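Here is the structure we will look at.
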Amino acid sequence: MTYCQRTLEHAIKRNPCDPEFIQSIKEVLGSLEPVMDANPRYEELGILERFIEPERQIIFRVSWTDDSGKVHVNRGFRIQFNSTIGPYKGGLRFHPSVYIGIMKFLAFEQVLKNSLTGLPIGGGKGGSDFDPKGKSDAEVMRFCQSFMTELSRHIGGDLDVPAGDIGVGAREIGFLYGQYKRIKNVSEGVLTGKGITYGGSLVRKEATGYGLVYFLEEMLKSKNLDIKGKKVVISGSGNVAIHAAQKIQQSGGTVIAMSDSSGYIYNPDGINIEMVKAGKEIERKSIKECPFPSKGTEFNGSCREIWQLKCDIALPCATENELDEQAAQTLVKNGCIAVAEGANMPCTPGAIKVFLKNKVLYGPGKAANAGGVATSAIEMQQNSMRMFWSFDEVEAKLKEIMINIYKKSSNAAKEYGFEGNLMAGANIAGFLKVADAMIAQGIV
Ligand code: NDP
Ligand code: 2IT
């Protein structure tokens, strides 16, 4: 058995109830065989065993009262996975499906993603099984205040800097930040995705979706293609999906479908993204309830069937394992040329195999969606300097970072015998920076 295989066995034994975490470890270790062969020091120094073990895992009770005075108890998490190259950094997810296994997989992915950005940020993730859907603003505020009362003991501008993820947007970040400041009595960049009036950065809101499209452009360029005239299917209709859709339109593509957990909307001539944005982001409705003023827009009540639509490009931007092997085969059969992941781990291992086998351009989430956290790091830079950069300045930095991530992933793939496989390249490039810094810092 190789070092990577032994490490996987070890991980499975130690995390028997965390399938998503094992899935993400397995994918990464699958790319690292040639790296371990080329440098036996990694094994001598136990790098992989250390790399897959979170530095710290925090689980806490979050009690809060609803508007009728009834008491509720949720579970809060923060996984501080790896701080070798900088403070822990990564989002908070509020969704009923949250449990420790999802938190660990997201934090593990974040370590590699943050390394790829080239910026000094370590990896972490957190959240709660609290469901913000259907709650009043006052209930969300009380929950956020209770959550932060405990979390504030464990985070800080130079220690651990959370941000948003599923179910955590501008409203939640505002409530969380207000409570942190009240408890700690300091104004520091302890969260990113803050409002523009109190330390937020321009472009952070748009960054994951825009960055995804910049990455996609690089993927297409490698085959002398571009976005103009392409039909694009995007799953999800949250922060990532909406801004990816906007950028696709600006680049001359047509977004023919978007979804949420209630189903998907489809219009072969292009859907009205501003209406989706208004309905989902401002009115907090489900996509089923959004008005569809553009003629010919249809609704289908099964969100997973979105991949059956014929398209040139697919951008999964909702959640993990939302695109399986069968969906991948349908996309290939329908002539899809590129898939770039806005979500974290949205394609199952079976789906990825289908894409690679059929030479569909495939952009893995840890590279393709890194624009969000990269712009978070740019927000941290501005906070540390007490500066505020213009939209154009931040967007130019984001674009450069995405192009560099593409180059790093593509070059690492080539160097280690995986030419054309951006997943392997992203895993290798992300790993090498952290692993070498771990070696420099001794056995810790
Ligand atoms: P949002 O909460 O803004 O939107 C999430 C979207 O995905 C909604 O349309 C939601 O539908 C849908 N969705 C969520 N869970 C499910 C599910 N189990 N089944 C079907 N649909 C689902 O989150 P984001 O846009 O921020 O996040 C989307 C993805 O992108 C996540 O994987 C996240 O980890 C990843 N990501 C986010 C970044 C960011 O900066 N925000 C950065 C990098 C990655 P509904 O409204 O019906 O619940
Ligand atoms: O998955 C992710 O990269 C995010 N949710 C963004 C993390 C961040 O700290 O901006």
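The values are calculated or read from the model by the stated rules, or taken from the named source; none is laboratory data. Computed from a predicted model, the values in this text were never measured in an experiment. We place every Cβ from the backbone using ideal geometry, glycine too, and count neighbours over all the protein chains shown. Ligands, DNA and RNA are stripped out before the accessible areas are found, and what is left, the full protein with its side chains, is counted by its heavy atoms. Shrake-Rupley method; radii C 1.70, N 1.55, O 1.52, S 1.80 Å.
Is there a residue being of a type in the set (A, V, I, L, M) and within 16 Å of ligand 2 (Cβ to nearest atom) anywhere in segment 229-240?
yes
Can you name the helices (runs of 4 or more DSSP H) wholly within segment 337-414 that have at least 1 residues being within 12 Å of ligand 1 (Cβ to nearest atom) and of a type outside the set (Ser, Thr, Tyr)?
Fully inside segment 337-414 and qualifying: 365-368, 371-385.
Quick test for you: out of Ser128, Ser83, Ser63, pick the one residue that is crowded, with 19+ Cβ neighbours inside 10 Å and over 29 Å from Lys399 (Cβ atoms). If you could, list the steps in order and put the result at the bottom.
Numbers: Ser83 fails: over 29 Å from Lys399 (Cβ atoms); Ser63 fails: crowded, with 19+ Cβ neighbours inside 10 Å.
So the residue among Ser128, Ser83, Ser63 that is crowded, with 19+ Cβ neighbours inside 10 Å and over 29 Å from Lys399 (Cβ atoms) is Ser128.
Can you find a residue in segment 31-41 that is closer than 21 Å to Pro364 by Cβ, within 16 Å of ligand 2 (Cβ to nearest atom), of a type outside the set (Gly, Ala, Ser) and open to solvent by less than 20 Å² (accessible area, probe 1.4 Å)?
Checked against the condition, which is being closer than 21 Å to Pro364 by Cβ, within 16 Å of ligand 2 (Cβ to nearest atom), of a type outside the set (Gly, Ala, Ser) and open to solvent by less than 20 Å² (accessible area, probe 1.4 Å), segment 31-41 yields no hits at all.
How many residues does segment 157-182 hold that are farther than 30 Å from Pro346 by Cβ, open to solvent by less than 20 Å² (accessible area, probe 1.4 Å) and either touching a residue at least 60 places away in the same chain (Cβ under 8 Å) or within 12 Å of ligand 1 (Cβ to nearest atom) (or both)?
1
Return the total of residues in segment 196-219 being touching a helix residue (DSSP H, G or I) at 6+ places or on another chain (Cβ under 6 Å) and away from ligand 1 (no atom under 13 Å from the Cβ).
5
Looking only at residues in segment 306-327 that are touching a strand residue (DSSP E or B) at 6+ places or on another chain (Cβ under 7 Å) and away from ligand 2 (no atom under 16 Å from the Cβ), which one is farthest from Lys366 (Cα to Cα)?
Step by step, filter segment 306-327, then rank; the result is Leu309.
When you go through Ala377, Ala429, Ala413 one by one, which is the residue that is under 22 Å from the mean Cα position of the chain (by Cα) and free of Cβ contacts under 8 Å to residues at least 24 places away in the same chain?
Numbers: Ala377 fails: free of Cβ contacts under 8 Å to residues at least 24 places away in the same chain; Ala429 fails: free of Cβ contacts under 8 Å to residues at least 24 places away in the same chain.
Within the list Ala377, Ala429, Ala413, the selection yields Ala413.
Taking the stated definitions as given, is Phe94 away from ligand 1 (no atom under 13 Å from the Cβ), touching a residue at least 40 places away in the same chain (Cβ under 8 Å) and open to solvent by less than 10 Å² (accessible area, probe 1.4 Å)?
no
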